[in-house]
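The values are calculated or read from the model by the stated rules, or taken from the named source; none is laboratory data. Only a predicted model underlies this, so the values are computations on that prediction, with no experimental measurement involved. Here Cβ is always computed from backbone atoms with ideal geometry, including for glycine, and neighbour counts include all displayed protein chains. Side chains included, ligands, DNA and RNA excluded: accessible areas come from the protein's heavy atoms. Shrake-Rupley method; radii C 1.70, N 1.55, O 1.52, S 1.80 Å.
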Amino acid sequence: QVQLVESGGGLVQAGGSLRLSCTASGITFSGNDMGWYRQTPGKQRELVASMASGGGTYAADSVKGRFTISRDNAKNTVYLQMNSLKPEDTAIYYCNAHRDSLVTKGGYDYWGRGTQVTVST
């Protein structure tokens with residue numbers, strides 16, 4: 001059974017920092033691309049940052065220079081270091097694991113339950 005468990009969310013003042021963690025089980029972690037998404041009420045879930053199994057990274061323009069994604073394959077854990085937080089970063093943050101497949105179109109996607117991040121003014 002695949003499980004992704006996020007932690008590290010909470011309430012922080014604008015300008016502060018948080019580090020989110022997501023620990024995976026039931027998958028070959030090193031073979032998955034890992035990502036962090038966020039969602040606010042009434043909006044679509046958006047990709048915040050991702051790190052491919054090979055190490056390449058992506059960050060949305062809105063978080064570039066402030067958020068950093070990293071992974072520890074030995075611990076089956078992906079992190080999102082969030083600095084200089086802004087009120088508009090307030091959202092539920094979800095961890096995603098993605099693996100391509102030659103036989104399944106779109107590959108496989110697994111999701112955590114999310115962790116709330118609230119940034120106050």
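Being over 20 Å from SER21 (Cβ atoms) and among the β-branched types (Val, Ile, Thr) is a property that holds for VAL103. For ARG19, indicate whether it is of a type in the set (Lys, Arg) and assigned to a loop (DSSP other than H, G, I, E, B). The answer is no for ARG19. For the structure I just gave you, tell me whether ASN83 is modelled with pLDDT of 95 or more, surrounded by 15 or more Cβ atoms within 10 Å (Cβ to Cβ) and either over 21 Å from ARG113 (Cβ atoms) or out of contact with any helix residue (DSSP H, G or I) (no Cβ under 8 Å at 6 or more places or on another chain) (or both). For ASN83, the condition - modelled with pLDDT of 95 or more, surrounded by 15 or more Cβ atoms within 10 Å (Cβ to Cβ) and either over 21 Å from ARG113 (Cβ atoms) or out of contact with any helix residue (DSSP H, G or I) (no Cβ under 8 Å at 6 or more places or on another chain) (or both) - is not met.
A Cβ distance below 6 Å, combined with a sequence gap of six or more or placement on separate chains, defines the contacts here; from region 97-121, residues that are small (Gly, Ala, Ser) reach residues that are assigned to a loop (DSSP other than H, G, I, E, B) and open to solvent by 100 Å² or more (accessible area, probe 1.4 Å) in the pairs GLY107/ASP100.
The single residue among SER70, SER7, SER50 that is hydroxyl-bearing (Ser, Thr, Tyr), under 11 Å from ASN96 (Cα atoms) and within 14 Å of the chain's Cα centre (by Cα) turns out to be SER50. In region 22-39, of all residues being surrounded by 13 or more Cβ atoms within 10 Å (Cβ to Cβ) and assigned to a loop (DSSP other than H, G, I, E, B), the one that is farthest from the chain's Cα centre (by Cα) corresponds to ILE27. SER53 meets each of the listed conditions (1) touching a Lys or Arg at 6+ places or on another chain (Cβ under 9 Å); (2) not in a loop (DSSP other than H, G, I, E, B) apart from (2).
The set of residues in region 1-17 being open to solvent by less than 30 Å² (accessible area, probe 1.4 Å) and of a type outside the set (Gly, Ala, Ser) consists of LEU4, GLU6, VAL12. Taken together, the residues in region 95-110 that are open to solvent by 30 Å² or more (accessible area, probe 1.4 Å) and out of contact with any Lys or Arg (no Cβ under 7 Å at 6 or more places or on another chain) amount to 11. Within the option set ALA59, ALA52, being touching an Asp or Glu at 6+ places or on another chain (Cβ under 8 Å) and among the aliphatic types (A, V, I, L, M) holds for one residue only, ALA52. Being under 27 Å from THR121 (Cα atoms), touching a Leu at 6+ places or on another chain (Cβ under 9 Å) and outside any strand (DSSP E or B) is the requirement here; does GLY42 meet it? For GLY42, the condition - under 27 Å from THR121 (Cα atoms), touching a Leu at 6+ places or on another chain (Cβ under 9 Å) and outside any strand (DSSP E or B) - is not met.
No other residue among ALA74, ALA59, ALA52 is open to solvent by 50 Å² or more (accessible area, probe 1.4 Å), of a type in the set (A, V, I, L, M) and farther than 19 Å from GLY10 by Cα apart from ALA74.
Close Cβ contacts (under 8 Å, 6 or more residues apart or on different chains) running from residues in region 10-28 that are closer than 17 Å to THR115 by Cβ to residues that are open to solvent by less than 30 Å² (accessible area, probe 1.4 Å) and of a type in the set (Gly, Ala, Ser) comprise LEU18/GLY10; CYS22/GLY112; ALA24/ALA97.
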